[in-house]
Amino acid sequence: MLCAGPIRAADPESAQVKAAIKKGVEYLASNQKSAKGDGRHILSALAMAKGGADKKHPVIVAALKAIDERTAGGTYKPERDELYTAGLELMLLEAAGEARTNQEKMKPILAYILGQQQPYGGWYYPRLAAKNPGSYFGDTSITQYCVLGLWTAERAGLDIDTGIWNGVAKWQVATKRKGGTFAYHPSRSGGGEVKDTMTAAGACNLLLCARYLHGSSAMDAARSEAEARDRAERDRKNALLSKYAALDRRVDPAEAAKEKAAGDVVSLNALTGTADGSIGSLARGMRFDKGPHRNYMMYTVERLGALSGRRMFGDRDWYEEGSELLLKTQAKDGSWNQEGTKEVSTAFSVMFLARATAKALGDTSMYGGGLLKGGRGLPDDFTKARFDGEDITYDRPTGDLADLLTQLENPQAADVPAAREAVLETVRLGDREALIGQTARLRRLVDDPRPEVRQVVAWALARGGGAQDVEAIFKMLAEDPDAGVVQEAHNALCVLSRLPRGPGIPLAMPRAEEASLDQLEKRDLPYTYITNKRLRVLPGGPFEGLPAGLDEGERIKAFQDWRAVATAAWAAWQDAVRPYDQRDLIPAPKRP
């Protein structure tokens, strides 16, 4: 029998981290010190929602009621913290509000934020900006919460003019300081006090601008590169995806037209390159244990890690550093106190530990069903299973990985599910590099007649294969007749690409795939999947968002529609990240 090893405290799903989040949420729930509906109350409610609290909790309900009162009549009435609170309110509506009414409540808040954008592109304290127009050149901290509000509103389906995003982008690039750093209150002459908190905030703003100015497909490619670099840093022996190192990116014609219409749009390289410089600066000098506003800093870094797709800043695992510090410094009552007030410190700490932005992006547990879900991995003979009150266990084949693969290769194998489960656990608990030498054997099993074997092949290739295996997995996605195998192939590509929600759906597709996309858009899917009234996020599996009780013909049609769109989306991703001279849509330039 194989036994699971201890879970690292740095894992958001570890027992230690979950317990710390729970205690933090309980503290916020029972120690509400702020005035009803003020900025700190909204922040606490948001942290509680992100930390897993019931959306009907009185603290959250009271915060939502305050938003209702401030937006009554379609006109927004800002409270003391003005733009900070407005951005947080939009985020809270997304996290805990009612999807069917969120848009109408968001509209007056969004209008207020847009109305306060300054001519230079950033934001400042509204009353000071109105009293002394032209005297200031923006506040990086306020701007980041305004940009977070814009991001939330656009994901909810509200249209925001490209010029708004471009204005932010121009200002943020213009305020960059030496080494990719940013100041709290930049000046037109290049002055202002540089802070690591503001460096992280500025980088977040740049990446969000890049997402909306250049489209999700380009950002997916950039995040894929960052994730690949992360993996190489954590394990220099693993050269996964090196063949697909993107030195240049294909420009989507529709996105190019969008840029042209908007005028002088800040380039993707300027945005992501400046953000890369910021991350490099943070890798060299950020501290979670010293200086003011450390919990604010942690939450900002969590957003930057999620938006950039990086768990590593240089050779530093920012989540490991932050979570270990928070686990050591949490008080017995569940609070933290590095911001001057326990309420604010605890809220930021909970959102860091809970990976709040990653959840908004869908980067946690978004791989659909997959192996070991819904009863998969259990023995065919249930008399061999044992239930200990919590888990189902049974005796599995043992041996090294090569021996276990031999059992899978045997068409006469008596207990394929048990052998498959043994392979999965051997890889999960052991050295994943052991898979690297076995990928040729795995590829020979791509056409195995047993779907349960093909599923484990896709799973294993994602964790031990290389760029040459992408084609094999893509073939399974596009051609395999078994829905379970297709699901696992999709999951495998998510792992290889480091895109847990899958690639962005292309803006333009062949007519047949467009018809399939139309069918997907009729499904009951979360509103966060929609941007500008169009489906942008691929459903996690062939049957997500469908009602129960479909007949076989309806299920086959649904499967075919999902596969058509998934295949087109993954094909576009492949083309965007493969080396320039291997792309399908643009010929390689002639070299002298």
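Residue 67 meets each of the listed conditions (1) over 26 Å from the mean Cα position of the chain (by Cα); (2) surrounded by fewer than 21 Cβ atoms within 10 Å (Cβ to Cβ); (3) farther than 15 Å from residue 350 by Cα apart from (2).
For the subset of segment 433-481 comprising residues that are assigned to a loop (DSSP other than H, G, I, E, B) and over 23 Å from residue 559 (Cα atoms), which member is modelled with the highest pLDDT? Outline the logic, then answer.
So in segment 433-481, the residues assigned to a loop (DSSP other than H, G, I, E, B) come out as 445-450, 465-466, 480-481.
The next check asks that each one be over 23 Å from residue 559 (Cα atoms); those that pass are 445, 465-466.
Values: 445: 72, 465: 59, 466: 62.
Result: 445.
Residues checked against (1) surrounded by fewer than 19 Cβ atoms within 10 Å (Cβ to Cβ); (2) at pLDDT below 90:
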| position | (1), (2) |
| --- | --- |
| 541 | no, yes |
| 544 | yes, yes |
| 549 | yes, yes |
| 552 | yes, yes |
| 564 | no, no |
| 575 | yes, yes |
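Residues being modelled with pLDDT of 85 or more, over 30 Å from residue 461 (Cβ atoms), β-branched (Val, Ile, Thr) and within 22 Å of the chain's Cα centre (by Cα) are represented in segment 293-306 by at least one member.
So which of 503, 510 ends up being buried (at least 24 other Cβ atoms within 10 Å of the Cβ) and over 20 Å from residue 451 (Cβ atoms)? Exactly one of 503, 510 is buried (at least 24 other Cβ atoms within 10 Å of the Cβ) and over 20 Å from residue 451 (Cβ atoms), namely 503.
Scanning segment 14-64 for residues that are outside any helix (DSSP H, G or I) and within 18 Å of residue 349 (Cα to Cα) yields 14, 31, 32, 33, 34, 51, 52, 53.
This table checks each residue for (1) without any contact (Cβ under 8 Å) to a residue 60 or more places away in the chain; (2) in a helix (DSSP H, G or I); (3) within 19 Å of residue 65 (Cβ to Cβ).
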| residue | (1), (2), (3) |
| --- | --- |
| 76 | yes, no, yes |
| 79 | yes, no, yes |
| 85 | yes, yes, yes |
| 91 | no, yes, yes |
| 94 | no, yes, yes |
| 101 | yes, yes, yes |
| 106 | yes, yes, yes |
| 113 | yes, yes, no |
| 117 | yes, no, no |
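Whenever a residue of segment 42-58 is on the phi > 0 side of the Ramachandran plot, its partners that are assigned to a helix (DSSP H, G or I), lying with C-beta atoms within less than 8 angstrom and at least six residues away or across chains, give the pairs 52/21; 52/22; 52/25.
One line per residue, one yes/no per condition, for (1) within 30 Å of residue 536 (Cα to Cα); (2) open to solvent by 10 Å² or more (accessible area, probe 1.4 Å); (3) not in a helix (DSSP H, G or I):
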site: 138; (1), (2), (3): no, no, yes
site: 147; (1), (2), (3): yes, no, no
site: 152; (1), (2), (3): yes, no, no
site: 157; (1), (2), (3): yes, yes, yes
site: 167; (1), (2), (3): yes, yes, no
site: 170; (1), (2), (3): yes, yes, no
site: 179; (1), (2), (3): no, yes, no
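Exactly one residue out of 586, 556 is β-branched (Val, Ile, Thr), surrounded by fewer than 21 Cβ atoms within 10 Å (Cβ to Cβ) and modelled with pLDDT of 55 or more: that is 556. Checked against the criterion of being charged (D, E, K, R), farther than 22 Å from residue 357 by Cα and touching a helix residue (DSSP H, G or I) at 6+ places or on another chain (Cβ under 7 Å), the candidates 131, 176, 170 yield just one match: 176.
For segment 121-135, a residue qualifies if it is open to solvent by 20 Å² or more (accessible area, probe 1.4 Å) and part of a helix (DSSP H, G or I), and the qualifying residues are 127, 128, 130, 131. The residues in segment 306-332 that are touching a residue at least 40 places away in the same chain (Cβ under 8 Å), open to solvent by 20 Å² or more (accessible area, probe 1.4 Å) and over 17 Å from residue 281 (Cα atoms) can be counted, and the count is 4. Considering each residue of segment 85-100 in turn, at least one proves to be small (Gly, Ala, Ser), open to solvent by less than 30 Å² (accessible area, probe 1.4 Å) and more than 22 Å from the chain's Cα centre (by Cα).
Scanning segment 101-120 for residues that are open to solvent by 50 Å² or more (accessible area, probe 1.4 Å) and hydrophobic (A, V, I, L, M, F, W, C), we see that the one that is nearest to residue 147 (Cα to Cα) is 114.
The values are calculated or read from the model by the stated rules, or taken from the named source; none is laboratory data. Here the structure is a predicted model, which is why all the values come from computation and not from measurement. Every residue, glycine as well, gets a Cβ built from its backbone with ideal geometry; the counts of neighbours run over all protein chains shown. Heads up: the accessible areas ignore ligands, DNA and RNA and are worked out on the full protein's heavy atoms, side chains in. Shrake-Rupley method; radii C 1.70, N 1.55, O 1.52, S 1.80 Å.
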